[in-house]
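Notes follow the structure.
Bear in mind these aren't lab numbers, they're just calculated from the coordinates by the rules spelled out. This is a predicted model, so every value here is computed, not measured. Note that each Cβ is placed from the backbone with ideal geometry, even for glycine, and that neighbours are counted across all protein chains shown.
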Amino acid sequence: MTFSRRPRRAYRTAATVAASVLTVSLAAAVAAPASAAPADRSDLPLQTQIIGGFWDGVRPLLDVQNPADDKTFYEVPEELGDTGVADLAPGTVLRERTFNYHVATLEVPVKVTQVLYVTTDALGANETNVTSIVHPPTKSDGNVISYQSFYDSANPLDNPSRMIAGNLSLGGLIPAFETSFLVPAPALGHPVVVADTQGKDANFAAGPAYGTATLDSLRAATAAETSPITPTDQIGLFGYSGGAIASNWAAIRAEEYAPEIEQRIVGVAQGGVLVDPRRTSPTPATVSSGPVWSDWR
């Protein structure tokens, strides 16, 4: 069995949704409250001061917290006591909830299951993480898309799960925009799994942990009671840029870390992979500090 080809109508729908997401995001920015004063960067290079000052002005406009989002959902359940999740198997479901998907704080009629589950960090220690499972409007066709976001943020509040639950932040605009990529899949009967691939602490570019977070999210998505995913469903991994890091490491680690998931993976699509700028720059010998590159030595 293979994944079906997306019809042109699905692509036109995705393009329309992308434009709508951007419009909604700007509208949410206008309505959002102000926050803390900007940081002092007087001892930093002028370029950093200018860019930092710009984002200091924009960030408060995009800081919206959904009061209906129970923040304790993201925390280790109290009943686990002092040991927490240390003795639990990776992929264990700790809690789950179901609600409607949000795009830039606006609720849309698409069912989502979110799962708090156990995974392992880059050092192999157990920790919690959250994944979101987007339900197709009709019965699942048995083909699952594991989409790895390129949110690339060091702020846990930018995690995709937070945005899907109705919150909004500057870094969270990326998961909001990525909704346009996801639209065709559920419409064609494919459940979509979107893990917080950087983990609960948003550790950027910690590749091995990206991989385990992705694989354990698929374990949890299969085990969750309210998930549409079954143990026999086929899985395709899809990610760009930071999402490619997660997709790549999940593919690398699957056989030894999660063999039962590896047997179900039928393909991995990744783009915007990491490169060495000294090999790709038109003038590699001159790659140094400037308006685009930071100093590379």
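Things to note:
- Reach of Lys71 by Cα under 19 Å, taken over lysines that are not fewer than 8 positions away in the same chain: Lys200
- The overall shape of the range 134-270 is oblate: from the C-alpha gyration tensor, with semi-axes ordered a ≥ b ≥ c, the ratio a/c is 1.5 or greater and a/b is no larger than b/c.
- Oblate is the label for the range 95-197, because the ratio a/c of its alpha-carbon gyration tensor axes (a ≥ b ≥ c) is 1.5 or higher and a/b is not greater than b/c.
- Under 22 Å from the Cα of Lys139 - lysines, other chains or at least 8 residues apart: Lys111
- Highest to lowest packing among 81-91, 207-217, scored as the average C-beta count within 10 Å: 207-217, 81-91
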